[in-house]
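Readers should treat all values here as calculations from the given coordinates under stated rules, not as data from a laboratory. Being a predicted model, the structure only gives us computed values, none of them experimental. All Cβ positions, even for glycine, are placed from backbone atoms using ideal geometry, and neighbour counts span all protein chains on display.
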Amino acid sequence: MEKRRYQRMSINTLWADVSDGKRFYSGMVTDLSRFGLRLTDLPLKCDTSQRLSIVVSGQGKNFKMLARPCWTKNGGTGKSVGVEIMNASWGWTEFVISHEPSPADVRSEVAL
């Protein structure tokens with residue numbers, strides 16, 4: 001069952017600098033929504049068991065936020081992490097809204 005309130009959007013032009021409270025790491029943002037991110041290419045040693053400080057950069061903008069990890073998937077050379085954004089600026093919300101498809105672009109399926 002899908003619990004998301006806001007649609008996820010794929011994106012490949014954003015980077016993330018992540019701090020686990022001990023060290024800083026870099027990764028990519030591969031999808032986003034108003035209240036969540038999927039981070040990929042983080043080093044395996046990044047501690048994702050607690051809150052993370054994240055600076056998302058790209059398209060000429062920077063957004064600083066705190067996030068709570070929801071899930072982690074380890075790969076061969078790195079990990080992917082899904083995070084819930086705990087606090088973000090209004091600028092972040094405006095940025096995400098500007099990338100959401102218009103209602104006319106969203107197609108729904110009707111079963112008859």
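Computed values, structure above
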| quantity | calculated |
| --- | --- |
| FRET efficiency, ASN62 to SER102 (Cβ-Cβ, R0 22 Å, nearest 0.05) | 0.25 |
| FRET efficiency, ASP47 to SER89 (Cβ-Cβ, R0 30 Å, nearest 0.05) | 0.75 |
| Residue-averaged [θ]222 nm for the chain, counting only DSSP H segments that reach four residues, each worth -39500 (n - 2.57) | -2500 deg cm²/dmol |
| For segment 11-87: lysine pairs under 24 Å (alpha-carbon distance), excluding those fewer than 8 apart on one chain | 9 |
| Lys, Arg +1 and Asp, Glu -1 on Cβ, resulting dipole of the chain about Cα centre, debye, nearest 20 | 360 |
| Cα-based convex hull volume of segment 11-87 per residue, rounded to whole Å³ | 80 |
| Difference of contour (0.36 nm per residue) and Cα-Cα distance, GLN7 to ASN74 | 21.7 nm |
| Inter-centroid distance (Cα atoms) of segment 7-44 relative to segment 46-107, Å | 5 |
